[in-house]
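Each remark here refers to the structure printed beneath this line.
The values are calculated or read from the model by the stated rules, or taken from the named source; none is laboratory data. These numbers come from a predicted model, not from an experiment. Don't worry about glycine lacking a Cβ; one is built from the backbone with ideal geometry, like all the others, and counts go over all protein chains shown. Surface accessibility is based on the protein's heavy atoms, side chains included, excluding ligands, DNA and RNA. Shrake-Rupley method; radii C 1.70, N 1.55, O 1.52, S 1.80 Å.
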Amino acid sequence: GKHPTERQLCDNAAEQAGIMSEAGADLIMLEMMSKIEPMLAVLDGVQRCGLPVWVGLSCKLDSEGTPRLYDSDQTIGKQTLADAIYALKDRQVSLISIMHTEVSYINSCLDVVEEIWSGPVGVYAHSGDYIGGQWRFNSVISPADYAVAAEGWHGRGVRVIGGCCGIGPTHIHTLIKKIGRS
């Protein structure tokens, strides 16, 4: 429908990143990258400002357990997480994060990341249910269980850990108590 072309994405991202850089930003974080071609267009644009860039990939597992990028409607897309990481491998990305991804999918995603990516890794998972275009936070993971999961990610070498939808300040305080600020 009304989606911008890849050229427009690149130019718009370059303009936005330039404004953020001039305003004092330390880095640019691309979030919910869900399709490789638009992701690369945005990445090319933001890299013009010269700041470090982190790329956040959002995933679901398909019926075979393969991590795939979300499609724009938060369904399972056709492109794999592996395809996205290979596309980023030689692109001067400072960190790849698995973000806005269900807690129970993170380890499968990290298996793929560890096979392909040698740079820094981050995780900020979500917890809740996305039903009919609306988030429902009735079944959110407990702060203690999130901290245990985060401790496992940290043990795998993940160094930037946070939270997305459904993960609140209590979750973050609990995980800091569990694993510290290393």
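How do the pairs read when you match residues in region 88-110 that are more than 15 Å from residue 154 (Cα to Cα) with residues anywhere that are surrounded by fewer than 21 Cβ atoms within 10 Å (Cβ to Cβ) and among the polar types (S, T, N, Q), using Cβ under 8 Å and keeping only pairs 6 or more apart or on different chains?
Pairs found: 91/47; 92/47.
What pairs come up if the first residue lies in region 1-12 and is open to solvent by 80 Å² or more (accessible area, probe 1.4 Å), the second is of a type in the set (Gly, Ala, Ser), and their beta carbons are under 6 Å apart, counting only those six or more places apart or on different chains?
From region 1-12, the pairs are 6/41.
Of everything in region 13-58, what is touching a residue at least 40 places away in the same chain (Cβ under 8 Å) and either farther than 23 Å from residue 121 by Cα or open to solvent by less than 40 Å² (accessible area, probe 1.4 Å) (or both)? Give them in sequence order.
33, 34, 36, 39, 40, 43, 53, 55, 56, 57, 58
Taking only region 110-132 into account, find how many residues are outside any strand (DSSP E or B), farther than 22 Å from residue 168 by Cβ and not aromatic (Phe, Trp, Tyr). Before you say what the answer is, go through the steps one by one.
Of region 110-132, the ones outside any strand (DSSP E or B) are 110-120, 127-128, 132.
Those still in the list that are farther than 22 Å from residue 168 by Cβ too: 110-120, 132.
Filter once more, so that each one left must be not aromatic (Phe, Trp, Tyr): 110-116, 118-120, 132.
Residues in region 110-132 being outside any strand (DSSP E or B), farther than 22 Å from residue 168 by Cβ and not aromatic (Phe, Trp, Tyr): 11 in total.
Name, by its number, the condition in (1) open to solvent by 70 Å² or more (accessible area, probe 1.4 Å); (2) outside any loop (DSSP other than H, G, I, E, B) that does not hold for residue 144.
For residue 144, the exception is condition (1).
A quick yes/no check of all residues on (1) closer than 25 Å to residue 133 by Cα; (2) among the β-branched types (Val, Ile, Thr):
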residue	(1), (2)
9	yes, no
12	no, no
21	no, no
27	no, no
34	yes, no
51	no, no
66	yes, yes
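Could you please find all residues in region 153-164 being open to solvent by less than 40 Å² (accessible area, probe 1.4 Å) and out of contact with any helix residue (DSSP H, G or I) (no Cβ under 6 Å at 6 or more places or on another chain)?
Scanning region 153-164 gives 153, 157, 158, 162, 164.
Tell me, yes or no, whether region 77-100 has at least one residue that is in a strand (DSSP E or B), within 16 Å of residue 34 (Cα to Cα), open to solvent by 40 Å² or more (accessible area, probe 1.4 Å) and touching a Cys at 6+ places or on another chain (Cβ under 9 Å).
There is no residue in region 77-100 that is in a strand (DSSP E or B), within 16 Å of residue 34 (Cα to Cα), open to solvent by 40 Å² or more (accessible area, probe 1.4 Å) and touching a Cys at 6+ places or on another chain (Cβ under 9 Å).
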